[in-house]
1. If I ask for residues that are touching a strand residue (DSSP E or B) at 6+ places or on another chain (Cβ under 8 Å) and surrounded by fewer than 22 Cβ atoms within 10 Å (Cβ to Cβ), which ones from the range 162-198 would you list?
2. Could you say which residue among 426, 422 is surrounded by 15 or more Cβ atoms within 10 Å (Cβ to Cβ), modelled with pLDDT of 95 or more, in contact with a strand residue (DSSP E or B) (Cβ under 9 Å, 6 or more places away or on another chain) and in a helix (DSSP H, G or I)?
3. Counting only residues that are surrounded by 14 or more Cβ atoms within 10 Å (Cβ to Cβ) and not in a helix (DSSP H, G or I), how many does the range 523-542 have?
4. Across the range 214-255, which residue is surrounded by the fewest Cβ atoms within 10 Å (Cβ to Cβ) among those that are part of a helix (DSSP H, G or I) and in contact with a strand residue (DSSP E or B) (Cβ under 8 Å, 6 or more places away or on another chain)?
5. Determine which single condition residue 127 fails, assuming it passes every other condition in (1) out of contact with any helix residue (DSSP H, G or I) (no Cβ under 8 Å at 6 or more places or on another chain); (2) at negative phi.
6. Condition (residue is modelled with pLDDT of 95 or more, outside any helix (DSSP H, G or I) and surrounded by 24 or more Cβ atoms within 10 Å (Cβ to Cβ)) applied to the range 110-132: is it met by at least one residue?
7. Assess whether residue 636 counts as being part of a helix (DSSP H, G or I), in contact with a strand residue (DSSP E or B) (Cβ under 6 Å, 6 or more places away or on another chain) and either within 18 Å of residue 582 (Cβ to Cβ) or not assigned by the TED database to the domain that holds residue 596 (or both).
8. So for the range 458-465 (the condition being farther than 21 Å from residue 666 by Cα and buried (at least 18 other Cβ atoms within 10 Å of the Cβ)), does at least one residue qualify?
């Protein structure tokens, strides 16, 4: 292996697709560009928006407190969706009480006591009437906790952020006159996507959101010449077979309403299954039974097919013993925590807040790999949930932590068994002429197109066994939310800022793990016949350009490409010869003038793997705001991943022209898949304002890649 570097700064193309982003998770909490939850609530007044957003957190605790649900439930060992976010809000209220109402006992009230949240509202109203340090402190607290409540983080599951967001939007929508504000939220969301460079997207949303979303999408498409589409998702919670069947029936009823057509809504999205084994057979039976009705719907949809998007293989790690501190104590300590517990919690929160402030003075200035932070509440959660711990009456409390060993084990276990459950369901007999469900539901003349959301685990197996099924990939959010289990500690999480934020350092072990999971470019993915052919071709005496121009070589490799590319190989089953031209150009650039068979073989095989992995380049941000993602970052992350694996052993230079051609190929696949499944695209290749200024590294285990973006692009 060898040291390598990018030959010159390289421009990055704009990736114009997002195959998977949930309506409720798209807007960021706040954004320098304006469009955000804070901007939406505050009508462009940022401070007012932060205050209103925090008040929504308090209303959440007053009207839908997950801990109240746990208390009323007979089964407290089950994780209650939203409980970590709720604990965040509780901690914020305790801190406010300790600063503004010391000695009153407000900070020792139970998490389920409404007086705590009413007192917090009263305190905030009083503080906001006057300027000064107290005003600045409480504004800083609201900013910090809004970020921790409405977006996932190391100690808060992504699904909790979706819970608080959906609850907040529902409350804003319900009052008289709230519909206009709700539609403004949808419009801001679509505008945010457009400003990210997204021209084509499939947005999953709930049944209650679909009529308004479909209407706003149609108007937005007309105004902006975009191709935005919607999918109806099933219930956010896990459902057993009968409930899932009923839910799917209601979705079909919604889509079949001729009085209220939904032309921009082109399929369904199966949710709520990342942490459990879903009733896939129920879904398949529904699709088979209703195929005539769904086929007739397609004619009125803005799509050539009915999209079946299944969340699959995204590890979720919230569990009975991996949750909020209070939820853990309810499960393994006292079912109803007593006053002494909340006194201990209040004292613990106070100690950790003091420790966090003191630690700030010792924080280093950081580096590009791990920036130092000096904000009012910096690293408070690290003190609460990582650096310290609380034991009460013999029960050692645990908090959800994406970097913990337990979290990574749960994420992998749940993701893997989820994938294999789907595989078993696809292989099960459908009752039609001895066929499997996969055979029955993926016929070329059928209405359905299947795509798996995430499928981070066992992807190579699924890709080979079910070639008609596609995937959409979201490496950034999977890493940031812990679904991929990439980082074994908070320190590893921070040092790999280059992978998370694309400006800094990336451990090569992280690159290797991700590559193996979603875009394997090793010779292991080749057949014996392909290996032998590439070996024979690499030994030919002519220059590589002449070798690839040979008619027999072109014919053989073109056939390999046609089979590998499947539905995107060309129109009407015909192979598009431009693919071979792109393949040849990249191989020629990599080989350059080398006549060494090893270099030629590696170039031939690895560039073929680039094409073979076409499904990996169908990207989705999943939820830009809720999961700290960005589709252009997702694209750049995949480009870096491919570029690292593309170079033959011993090559020291990655040409910027090669990087550009790799981008072009990846975008072509996304275009062709949309055209093969949905319809025409409105797209012209466009370079973004992003640029890789420097890229270098060492190709080996236990090493590093250093990535530096141009200054103007690094913060975009």
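The values are calculated or read from the model by the stated rules, or taken from the named source; none is laboratory data. Computed from a prediction, not measured in an experiment: that's the story for all the values here. Backbone-built Cβ (ideal geometry, glycine too); neighbour counts: all protein chains shown.
1. 197
2. On the way: 422 fails: modelled with pLDDT of 95 or more.
When all the criteria are applied, what remains is 426.
3. 2
4. Out of the qualifying residues, it is 254.
5. Only one criterion is unmet by residue 127, namely (1).
6. yes
7. Against the criterion (part of a helix (DSSP H, G or I), in contact with a strand residue (DSSP E or B) (Cβ under 6 Å, 6 or more places away or on another chain) and either within 18 Å of residue 582 (Cβ to Cβ) or not assigned by the TED database to the domain that holds residue 596 (or both)), residue 636 does not qualify.
8. Residues of the range 458-465 that are farther than 21 Å from residue 666 by Cα, as a first pass: 458, 461, 465.
Of the ones still in play, those that are also buried (at least 18 other Cβ atoms within 10 Å of the Cβ) are 458.
Checking the range 458-465: at least one residue is farther than 21 Å from residue 666 by Cα and buried (at least 18 other Cβ atoms within 10 Å of the Cβ).
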